[in-house]
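*Asks:* Below: one structure in structure tokens.
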Amino acid sequence: MAADGLHENETLASLKSEAESLKGKLEEERAKLHDVEFAQLCPTLCDRLDCSLPGAFVHGILQRRILEWVAVSSSRGSSRPRDGTSISRVSCSAVHQVAERVEALGQFVMKTRRTLKGHGNKVLCMDWCKDKRRLVSSSQDGKVIVWDSFTTNKEHAVTMPCTWVMACAYAPSGCAIACGGLDNKCSVYPLTFDKNENMAAKKKSVAMHTNYLSACSFTNSDMQILTASGDGTCALWDVESGQLLQSFHGHGADVLCLDLAPSETGNTFVSGGCDKKAMVWDMRSGQCVQAFETHESDINSVRYYPSGDAFASGSDDATCRLYDLRADREVAIYSKESIIFGASSVDFSLSGRLLFAGYNDYTINVWDVLKGSRVSILFGHENRVSTLRVSPDGTAFCSGSWDHTLRVWA
């Protein structure tokens with residue numbers, strides 16, 4: 001299974017040769033675009049955050065091939081040891097070895113383009129609409145706000161019956177939002193063009209847990225929603241009827257985060273929690289199909305790699321980690337001795353070359369996924385960064401903080 005996409009006789013040498021060929025094609029694309037300097041490709045609202053232009057497609061192929069080789073080389077070794085330490089060293093060195101000849105990203109410059117102010121307390125969660133313009137945020141002030149990220153205007157606002165609204169999500173159609181927190185419920189609110197309409201009157205309670213709601217995410221339609229809870233479970237619900245379709249038991253403590261596999265036909269999702277475990281689930285059977293336990297503290301955030309073959313996690317142990325699902329093990333650790341505060345939220349750029357991570361020391365670190373190096377530190381928030389999401393088109397990302405604001409970066 002780990003060798004999917006690679007030929008039997010393929011070796012590191014042949015993959016390096018292929019990498020050289022792909023780099024040649026990349027140079028040709030650059031020449032066609034008037035030899036744009038790589039260092040000048042700083043993100044704007046019109047450019048992709050992943051710094052893969054020109055030649056984003058070629059970059060994507062190269063990155064996938066590197067990760068494929070790492071998956072195969074790791075799987076050829078002995079079975080994963082219980083403590084996971086030796087595998088971490090072998091796998092991380094494999095990633096860096098294969099990525100040695102990949103071009104470095106160079107200087108990386110981003111800045112705040114918009115600041116969204118309106119919450120009266122800590123921002124706890126946010127999510128983008130598929131239209132790439134609107135976003136929803138939730139806060140400890142008990143409010144859920146729908147924003148226009150271009151104009152910074154508030155389009156809708158809902159006051160929840162409790163404070164600490166810890167989870168929110170936009171429906172794929174953009175016609176509804178879901179949210180919940182200390183009320184132990186996941187509530188869905190339909191959105192209309194009438195900004196003066198009483199949204200609370202159309203509220204629909206979909207999910208009920210026995211402890212706080214920590215995360216929620218619609219599946220690939222508006223009709224089903226996944227939830228995670230402090231009761232140690234995840235659950236799949238039918239939005240229309242409120243019926244429980246599947247429950248997922250396996251975590252030994254609070255589940256803090258989840259992410260749905262990116263494929264439209266994907267039937268898996270990953271969750272992380274206070275038991276230091278990241279678990280991959282089959283939505284149809286309700287069974288855990290893979291589990292990873294290499295973090296040393298709570299896992300606050302998980303996010304799938306764009307191809308769906310790997311995922312990243314951020315933890316209170318001050319590290320972010322990359323797990324390859326084909327190799328069934330950790331393949332990279334993103335950390336520095338100077339980073340001593342926990343990572344609260346992670347997300348990938350559109351190509352998967354960059355990993356954005358928000359930390360409790362008020363900063364956002366940008367990591368080169370292949371080389372494992374930090375390419376930038378972003379300052380601006382005045383309290384811990386609690387949530388972070390890249391926009392659907394990859395042109396910007398939004399962060400939310402305990403300083404009561406959200407910032408759009410590009």
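*Asks:* Would you mind telling me the share, in percent, of accessible area of the range 299-380 contributed by carbon and sulfur at probe 1.4 angstrom?
*Replies:* The nonpolar share, carbon plus sulfur, comes to 48 percent.
*Asks:* Where does the charge balance sit around residue 288 when Lys and Arg score +1, Asp and Glu -1, over other residues with C-beta under 14 Å from its C-beta? Intermediate results must be reported in sequence, preceding the final value.
*Replies:* Values: positive: 277, 284; negative: 275, 282, 293, 328.
So the environment of residue 288 carries a net charge of -2.
*Asks:* Next question, about the same structure. With every protein chain in place, what's the accessible area of residue 295 (1.4 Å probe, Å², nearest 10)?
*Replies:* Accessible area, nearest 10 Å²: 10 Å².
*Asks:* Still on this model: May I ask you to derive the relative contact order of the range 194-302, considering only C-alpha pairs under 8 Å and at least 6 residues apart, and to give it as an integer percent? Write down the numbers at each step before the final one.
*Replies:* On the way: 253 pairs, mean separation 19.9, N = 109.
Relative contact order, the range 194-302: 18 percent.
*Asks:* Report relative contact order for the range 320-410 in percent, whole number only (criteria: Cα-Cα under 8 Å, sequence separation at least 6).
*Replies:* Values: 199 pairs, mean separation 17.4, N = 91.
It rounds to 19 percent for the range 320-410.
*Asks:* Just the accessible area for residue 133, please: 1.4 Å probe, Å², rounded to the nearest 10?
*Replies:* So the heavy atoms of residue 133 present about 80 Å² to solvent.
*Asks:* Another one. Given the pairs 16/111; 143/336; 122/276, which are separated by over 30 angstrom at their Cα positions?
*Replies:* Numbers: 16/111 35 Å; 143/336 36 Å; 122/276 25 Å.
Long pairs (Cα-Cα over 30 Å): 16/111; 143/336.
*Asks:* Now for a separate question. Just flag the GluC sites (Glu not before Pro) in the range 146-252 sitting in loop per DSSP whose Cβ has no more than 16 other Cβ atoms within 10 Å.
*Replies:* Values: sites: 155, 197, 240; in loops: 197, 240.
Sites meeting the loop and neighbour criteria: 197, 240.
*Asks:* Which parts of the range 240-279 would a label at residue 197 reach, counting a residue when its backbone N lies under 18 Å from a point 7 Å out along Cα-to-Cβ?
*Replies:* 240, by backbone N distance to the label point.
*Asks:* When the accessible area of the range 224-287 is computed with all protein chains present and a 1.4 Å probe, what percentage of it is carbon and sulfur?
*Replies:* Numbers: 1020 of 2390 Å².
Here it works out to 43 percent.
*Asks:* Working with all protein chains in place, sort 298, 194 by solvent-accessible area computed with a 1.4 Å probe, largest first. Write out the running numbers ahead of the final one.
*Replies:* Working: 298 40, 194 80 Å².
Solvent-accessible surface, decreasing: 194, 298.
*Asks:* As an exercise, identify the chymotrypsin sites (Phe, Trp or Tyr not before Pro) in the range 349-395 lying in DSSP coil whose Cβ has no more than 14 other Cβ atoms within 10 Å. Mind dumping the intermediate values first?
*Replies:* Numbers: sites: 356, 359, 362, 367, 379; in loops: 362, 379.
Answer in residue order: 379.
*Asks:* Order 148, 317 by their accessible area, 1.4 angstrom probe, all chains in place, largest first. Walk me through the numbers on the way to the answer.
*Replies:* Numbers: 148 10, 317 30 Å².
Final ranking, largest accessible area leading: 317, 148.
The values are calculated or read from the model by the stated rules, or taken from the named source; none is laboratory data. Source: prediction; values computed, not measured. Reconstructed Cβ throughout: ideal geometry from the backbone, glycine too, with neighbour counts over all protein chains shown. Surface areas here come from the heavy atoms of the whole protein model, side chains and all, with no ligands, DNA or RNA. Shrake-Rupley method; radii C 1.70, N 1.55, O 1.52, S 1.80 Å.
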